[in-house]
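Asker: Got a structure for you, questions after.
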Amino acid sequence: HADEIAARLASADIWLMHNVAFDCRLLEQDFDALGRQLPARPTFCTLRAARKKWPGRSNTLNHCLERIGLARAGKTHGALEDALLTAALFSFLHTGKRWKRLPEAHAPTNLVH
């Protein structure tokens, strides 16, 4: 799936992440392991923005979500839920509007088991 992932990453206008440094480091490691180069795209870090909005406070994704009235569905987290929650946080940081709930999303159906 490396070609598809690389194409999707390269086609994005911007990469939205809660911790850009951490997430990009993981992506770079995965691409390096495949002998590929991670495409370069502009990024927006909601963690950095949250630190500006709420200085001196814990700004983990969970703590930021508590402040805007959202929470994970369960105790553990997954990539799809994290992506939607980060989008909700991004939206709040830019508009001040809170999402009442997350859009319904389903895991891809082409996963190899």
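Asker: Can you tell me how many residues in the stretch 81-92 are open to solvent by less than 40 Å² (accessible area, probe 1.4 Å), in contact with a helix residue (DSSP H, G or I) (Cβ under 8 Å, 6 or more places away or on another chain) and closer than 17 Å to VAL20 by Cβ?
Answerer: So the count comes out to 4.
Asker: Within the stretch 44-75, track down each residue that is part of a helix (DSSP H, G or I) and touching a residue at least 24 places away in the same chain (Cβ under 8 Å). Spell out the reasoning first.
Answerer: Looking only at the stretch 44-75, we keep the residues that are part of a helix (DSSP H, G or I), and these are 46-53, 61-67.
Answer for the stretch 44-75, where residues must be part of a helix (DSSP H, G or I) and touching a residue at least 24 places away in the same chain (Cβ under 8 Å): THR46, LEU47, ARG48, ALA49, ALA50, LYS53, LEU61, CYS64, LEU65.
Asker: Could you identify the single residue in LEU38, LEU89, LEU80 that is assigned to a helix (DSSP H, G or I) and free of Cβ contacts under 8 Å to residues at least 60 places away in the same chain?
Answerer: LEU80
Asker: Let me ask another. How many residues does the stretch 49-80 hold that are open to solvent by 40 Å² or more (accessible area, probe 1.4 Å) and within 20 Å of LEU26 (Cα to Cα)?
Answerer: The number of residues fulfilling the criteria is 5.
Asker: Within the stretch 27-37, identify whether any single residue is among the basic types (Lys, Arg) and open to solvent by 90 Å² or more (accessible area, probe 1.4 Å), and answer yes or no.
Answerer: There is no residue in the stretch 27-37 that is among the basic types (Lys, Arg) and open to solvent by 90 Å² or more (accessible area, probe 1.4 Å).
The values are calculated or read from the model by the stated rules, or taken from the named source; none is laboratory data. Since the model is a prediction, treat every value here as computed from it, not as a measurement. Every residue, glycine among them, receives a Cβ derived from its backbone with ideal geometry; neighbour counts consider all protein chains shown. Quick note on the areas: whole protein, heavy atoms, side chains included, nothing else; ligands and nucleic acids left out. Shrake-Rupley method; radii C 1.70, N 1.55, O 1.52, S 1.80 Å.
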